[in-house]
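Right, one structure below, let's go through it.
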Ligand SMILES: Nc1ncnc2c1ncn2[C@@H]1O[C@H](COP(=O)(O)OP(=O)(O)O)[C@@H](O)[C@H]1O
Ligand SMILES: [Mg+2]
C-alpha cells in the first residue's frame, strides 16, 4: 500500500511543481543557444496529442492487459498456495516468491527472448508482437503479487470460520467459495489497486523492448525536433505529469477503500 | 436401522473406546471411553487443558485420533476411508466463540448449510429457519448481521444453524464460556429445551447447576483421562476421586 499512500498523500501543488520545473528548466540553458524555452514548449505542445493518443493510451492498454492476465493467473496461483496438496502448495509458493522477487526488467527481457516471434496454433501462424510479450512480462510480477494478496486475504479470515463450516459438512471447496472468499474479497481490492498503480508506472519499462509507448514516442518526438537538450525536461516532465494525473485518483480511491474496508470486520 | 452399519437405537449413539490423541509429542487424550445413548444428555467437565475440546472435536472428525475407536450410529470415525461430510451431517457442533458467518444475516446463517450442502429447496429451508429462529426466541432478528447481535443472541443463532441440518447428535463446547453472566441463562434454557425434546447432546461445560439439572451422566476429565463419571446426583454429592473433589470444591 506504500505507493498509493505516498501518491495519495502528495500535496495539491505537486503538478504545479512539476509544471514549474518544466517551465523553469529551459531558462537555465536559454542563454547559450538559439533554441529557446518557448521553442521547446512549442515542440511539446505540437507533439502532445500524438504522445497522448499514440503513447500514453498504449501504456494504459498494456496496463489493462497485464493486470487482467496477472490477476487471473495470480488468483489461481494464490488459491494453489493454500491447497491441501503439499506439492501444489509448495510449487505455487515457490513460483510466487520467484516472480515476486525478480527485477521486473529481467522478467521482461526473459519473456522477450524466450517467447518466439510467432506461434503456430493448429497450423495457423499467430504472430507474437513485442507489446504482447511486454504484457506477459509485466503480468508475471503482477501474478505473483496478486497471488500473495489472495493468500494473505484468505489467511486473514480466522480458522474458526473454516471449522464452523467444516462442522456444518461444507466441503473444503464449498467453504472456500461460499464462506471464506466472500468475507475477504473486499479486503483484496485496495492492495490489488495498489499493484495496478505500480504496474502502470512500470509500463515505461516496455520502451526498452522497443514497444511504442509514451516514453518511446517522446524520445522519437524529441529526435524529430532535432534532439535539442532543452527538450528533455519538458518532454519527460510532461510524461511524469501524465502518469501522476492518471495514478493520483486511483491512489486516492485505493486509500479511501482501504479505510472503508478496514472499519468493517 | 442403518443399512451399512446395522446400528439400532438400543445401541450407543456415540461410543468412544480407548481414544488416544496426540498433537506431535504431546499426548492430549490417553484412553478415553464413553457411551452416549440416543436421547441422552452427557456433560463433560474438567480443568482447562484436560482435553475436553479435543475429545468432542474428535467425534465429528475435526481432529483425527491415533488409536482407539469412536462410532457414531455405528459408523467408525477412526477410519481413513470415512466420509467426513456424511458424518458431519449427523453431528452438529456449537463453539465457544459462536463462529457465525459475519457476512450473512441470522436467517442466512441458518439457511446456508441446508441449502448449499444438503441442496434442499430454499423456500422450504427458509420456513424451517424461521421456525428455528422462533424456537431460540430471536423473532425480529432474522435480518440482523452477527455483528449486530449480543453474544447470547449470536450463540442461539449458532445453535439454530446447527439444528437446521437436523443432526442426530449435538456437540456443545463451552458454549456459554464467552458470554456475560446475564446471557448465559438464555442459551442454557435453549439447550435444556433441546435435551428435553430428546436431542442427544454432549456438552463441555462449567455450568455445574445446569449439568446437575439437565445431564443424564457426567464425566470428569483431567489430563487426558476420564477420572470419574456417574449420574449427576452421585457425581456431585458422592465424588470418590480426590481430583474430582478438589475441582468441585474450587468451582462450586
Ligand atoms: N491444534 C493443537 N495443536 C497442538 N496442541 C493442541 C491443539 N489443540 C489443543 N492442544 C493442546 O491440547 C491440550 C488440551 O486442549 P483442549 O482440548 O483445548 O483442552 P480443554 O478444552 O479441556 O481446555 C492443551 O494442552 C492444548 O494446548
Ligand atoms: Mg476447550
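The values are calculated or read from the model by the stated rules, or taken from the named source; none is laboratory data. Predicted model, so just to flag it, every value in this text is computed and none were measured. Heads up, the Cβs are rebuilt from the backbone with ideal geometry, glycines too, and the neighbour counts pull from every protein chain shown.
Descriptive notes on the structure:
- Identity of the residue in the stretch B:160-189, part of a helix (DSSP H, G or I) and either on the phi > 0 side of the Ramachandran plot or touching a strand residue (DSSP E or B) at 6+ places or on another chain (Cβ under 8 Å) (or both), that ends up farthest from ligand 1 (Cβ to nearest atom): B:163
- Test: residue in the stretch B:145-152 that is modelled with pLDDT of 95 or more, within 16 Å of ligand 1 (Cβ to nearest atom) and either farther than 23 Å from residue B:53 by Cβ or under 17 Å from the mean Cα position of the chain (by Cα) (or both): no
- When residue B:85 is tested against (1) touching a residue at least 40 places away in the same chain (Cβ under 8 Å); (2) surrounded by fewer than 21 Cβ atoms within 10 Å (Cβ to Cβ); (3) at the interface with another protein chain (Cβ under 8 Å from one of its Cβ atoms), just one condition goes unmet, and that condition is (1).
- Scan of the stretch B:175-210 for residues that are modelled with pLDDT of 95 or more and within 14 Å of another protein chain (Cβ to nearest Cβ), ordered by number: B:202
- You will find that of B:134, B:141, the residue that is out of contact with any helix residue (DSSP H, G or I) (no Cβ under 8 Å at 6 or more places or on another chain) and farther than 16 Å from residue B:41 by Cα is B:134 and no other.
- Counting only strands (runs of 3 or more DSSP E) that fall entirely inside the stretch B:28-141 and contain at least 2 residues that are closer than 22 Å to residue B:189 by Cα and within 18 Å of the chain's Cα centre (by Cα), the qualifying elements are B:41-45, B:91-94.
- Every residue from the stretch B:175-190 that is surrounded by fewer than 21 Cβ atoms within 10 Å (Cβ to Cβ) and in contact (Cβ under 8 Å) with a residue 60 or more places away in the chain: B:177, B:178
- Exactly one residue among A:231, A:214, A:241 is in contact (Cβ under 8 Å) with a residue 24 or more places away in the chain, closer than 30 Å to residue A:117 by Cα and in contact with a helix residue (DSSP H, G or I) (Cβ under 6 Å, 6 or more places away or on another chain), and that residue is A:214.
- Residues located in the stretch B:25-72, provided they are away from ligand 2 (no atom under 14 Å from the Cβ), out of contact with any strand residue (DSSP E or B) (no Cβ under 8 Å at 6 or more places or on another chain) and more than 14 Å from chain A (Cβ to nearest Cβ): B:25, B:26
- Selection status of residue B:14, buried (at least 19 other Cβ atoms within 10 Å of the Cβ), within 14 Å of another protein chain (Cβ to nearest Cβ) and more than 11 Å from ligand 1 (Cβ to nearest atom): no
- Yes/no for residue B:157 being within 16 Å of ligand 1 (Cβ to nearest atom), within 16 Å of the chain's Cα centre (by Cα) and within 14 Å of chain A (Cβ to nearest Cβ): no
- Scan of the stretch A:166-182 for residues that are at the interface with chain B (Cβ under 7 Å from one of its Cβ atoms) and in a helix (DSSP H, G or I), ordered by number: A:166, A:167, A:174, A:178, A:179, A:182
- Among (1) away from chain B (no Cβ under 14 Å); (2) within 30 Å of residue A:4 (Cβ to Cβ), the one test that residue A:115 misses: (2)
- Hits in the stretch B:88-113 - residues which are within 14 Å of residue A:160 (Cβ to Cβ), surrounded by 19 or more Cβ atoms within 10 Å (Cβ to Cβ) and within 8 Å of chain A (Cβ to nearest Cβ): B:93, B:95, B:99, B:100, B:101
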